[in-house]
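Q: Quick one: the structure is below, questions incoming.
The values are calculated or read from the model by the stated rules, or taken from the named source; none is laboratory data. Because the structure is predicted, anything quoted here is derived from the model rather than measured. Glycine also receives a Cβ, built like all others from the backbone with ideal geometry; neighbour counts cover every protein chain displayed.
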Amino acid sequence: MTPLPKRRASKRRQGKRDASIRMKLPGLLICPNCGKPRIPHRVCKYCGFYNGRAVAVKKEKKVKKTA
């Protein structure tokens, strides 16, 4: 059997532990091609450029024409 805690952890102790494990906002850069924010070291999801080159080709969405 695995070891179990001898006493219950207090709310204060739980809160201190939870405070150190928090979500952080990612550091964003401005894409030099389209000017939208992107994650560093990743292909821009809006224009598909990385390091000044077109790496990914963006697909155009088909628009249905209503009669």
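Q: Can you find a residue in region 11-25 that is at pLDDT 90 or above, surrounded by 10 or more Cβ atoms within 10 Å (Cβ to Cβ) and either of a type in the set (Ser, Thr, Tyr) or assigned to a loop (DSSP other than H, G, I, E, B) (or both)?
A: No, region 11-25 contains no residue that is at pLDDT 90 or above, surrounded by 10 or more Cβ atoms within 10 Å (Cβ to Cβ) and either of a type in the set (Ser, Thr, Tyr) or assigned to a loop (DSSP other than H, G, I, E, B) (or both).
Q: If the Cβ limit is 8 Å and pairs must be 6+ apart or interchain, which residue in region 30-52 that is outside any loop (DSSP other than H, G, I, E, B) pairs with which residue that is at pLDDT below 95 and among the hydroxyl-bearing types (Ser, Thr, Tyr)?
A: The qualifying pairs are Arg38/Tyr46.
Q: Within region 26-63, which residues are modelled with pLDDT under 80, of a type in the set (D, E, K, R) and exposed (fewer than 10 other Cβ atoms within 10 Å of the Cβ)?
A: Correct list: Lys59, Glu60, Lys61, Lys62.
Q: Right, next: Within region 1-42, which residues are closer than 30 Å to Ala54 by Cα and of a type in the set (Val, Ile, Thr)?
A: If the condition is that a residue be closer than 30 Å to Ala54 by Cα and of a type in the set (Val, Ile, Thr), then Ile30, Ile39 are the ones that fit.
Q: Going by the structure shown, is Gly48 under 21 Å from the mean Cα position of the chain (by Cα) and of a type outside the set (Lys, Arg)?
A: Values: under 21 Å from the mean Cα position of the chain (by Cα): yes; of a type outside the set (Lys, Arg): yes.
It is true that Gly48 is under 21 Å from the mean Cα position of the chain (by Cα) and of a type outside the set (Lys, Arg).
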